[in-house]
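So the structure is just underneath, and the comments pick up after that.
Values in this text are rule-based calculations from the coordinates and carry no lab data. Remember, it's a predicted structure, so these values are computed and weren't measured experimentally. So basically every Cβ, Gly included, is an ideal-geometry build from the backbone, and we count neighbours across all protein chains shown.
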C-alpha cells in the first residue's frame, strides 16, 4: 500500500498514523473535510477546495487556525512521497481534543490530517456506458438550509448503502417535498429539451467544486442553465441525468429506479460537457 498521511505536518505511512481517542473528529464527527484529486501530479482546483473548507468550518463555528499557505505546503510535501503518480487527496481538520464532553469550547489544538493515496480511477465504462441510480426520499425539508462538508457523513453513507443494496452506483436524494437535492456523494444535473437544470443552493445541496466548474463549461459551450427547485416529475421525462464529483468528474445516469433515462446511454450534452471539463482540468493544473 502506498498511502501516506500528514498529521499536523508530520508525514508517515498511513498505516502508522495515529489520532488520539479523544479527538472530536472521532468522537462526534466534529470536523470538516475536502476531497480532491491530482492531474499531472498537481492538486486540482485547490484554491476552490480551500475556500469551501473555510466556509464549512464557519458554518460549524470553527475558525481554522491553519493558513491556506500552510495547507498548500503540507500538500506539496506529502505529494513528494508519490512522484509520477496521480493521487486521491483528503484534507480533514478536526476541532482537536481536550477535556471529555460535547461542548465545542472544551476542544483545543485543531488537528490537520491530509491523506494521499493512489488514485483509483473508475473503469472507462463509467463514461462510455453510464451508471445506474436509485431515488431515495428523505423526511427532512432542506429548502434554504446551509450545508457544511463535515465528518458527520452518516446520511450520505446510508444513501449510498441503499444504492448498493439495489445494485446501483448512486442514490439520488429527494427531500420531504419530493424535490431533488443531490446524490449520496455527488451533485446532480438534469437535461430537458437541451436545457441543463440543477438544484439551486437553496435546496440544501453542497456547493460542489465540480458542479461549479461544470456550470462554467456549460457557459463556454452556450448551453442554457437553470438553477432551480427540481420536482421528481422533471426526472421522469428527462432526456439526460448526470452526476458530478471531484473523482468521477461527470457521469451519465442511464437508468433511475430501473427505468431507462433518455436513450439509455450517455447523451450528447453529457459527452460535450465532460469533454470540455477534462480539457479544462488538464489545461489549468
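Computed from Cα atoms alone, the Kirkwood hydrodynamic radius reported for region 114-204 is 14.8 Å. Residues 232, 165, arranged from fewest to most other Cβ atoms within 10 angstrom of their Cβ, appear as 165, 232.
Classified by the C-alpha gyration tensor, region 2-50 has an oblate form. Its axis ratio a/c, with a ≥ b ≥ c, is 1.5 or above, and a/b does not exceed b/c. Considering only beta bridges that DSSP places wholly inside the chain, some 80 percent are antiparallel. DSSP bridge analysis restricted to region 125-283 gives an antiparallel fraction near 60%, rounded to the nearest 5.
Take the Cα of residue 137, go 7 Å toward its beta carbon, and the backbone nitrogen atoms of region 215-250 under 16 Å from that spot belong to 230-236.
For the chain, the longest principal axis of the Cα atoms and the long axis of helix 154-165 meet at an angle of about 50 degrees. Please build a GNM for the chain, connecting alpha carbons under 10 Å apart, and tell me which residue among 67, 185, 35 fluctuates the most. Judging by the Gaussian network model, the answer is 67.
Just checking the listed ones, 150, 198, 81: in the Gaussian network model of the chain with Cα springs under 10 Å, the one fluctuating most is 81. For region 28-144, rounded, prolate or oblate, judged on the Cα gyration tensor with a ≥ b ≥ c (square roots of eigenvalues), a/c < 1.5 rounded, else prolate if a/b > b/c? Note, shape of region 28-144 comes out oblate.
Relative to the longest principal axis of the Cα atoms of the chain, the long axis of helix 68-79 makes an angle of roughly 90 degrees. For the chain, averaging the sequence separation of C-alpha pairs within contact (under 8 Å, six or more residues apart) and dividing by the residue count gives a relative contact order of 19 percent. The mean sequence distance of close C-alpha pairs (under 8 Å, at least 6 residues apart), as a share of the length of region 146-285, puts its relative contact order at 20 percent.
At the listed q of 0.08, 0.09, 0.15 Å⁻¹, the Debye profile of the chain, built from one uniform point per Cα, gives log10 I(q)/I(0) equal to -0.35, -0.45, -1.21. How would you classify region 119-267 from its alpha-carbon gyration tensor, with a ≥ b ≥ c the square roots of the eigenvalues: rounded for a/c under 1.5, else prolate if a/b is greater than b/c, otherwise oblate? Rounded, because the longest to shortest axis ratio a/c is under 1.5.
I want to verify a result. In a Gaussian network model of the chain, Cα cutoff 10 Å, which of these has the top mean-square fluctuation: 34, 124, 227? Per the Cα network of the chain with a 10 Å cutoff, 124 tops the list. Working from Cα pairs under 8 Å separated by at least six residues, relative contact order for region 4-118 is 37 percent.
Fewest neighbouring Cβ atoms within 10 Å first, the residues 58, 15, 245 line up as 15, 58, 245. For the chain, the longest principal axis of the Cα atoms and the long axis of helix 268-283 meet at an angle of about 30 degrees. Going from the residue with the fewest nearby Cβ atoms within 10 Å to the one with the most, 217, 281, 270 rank 281, 217, 270.
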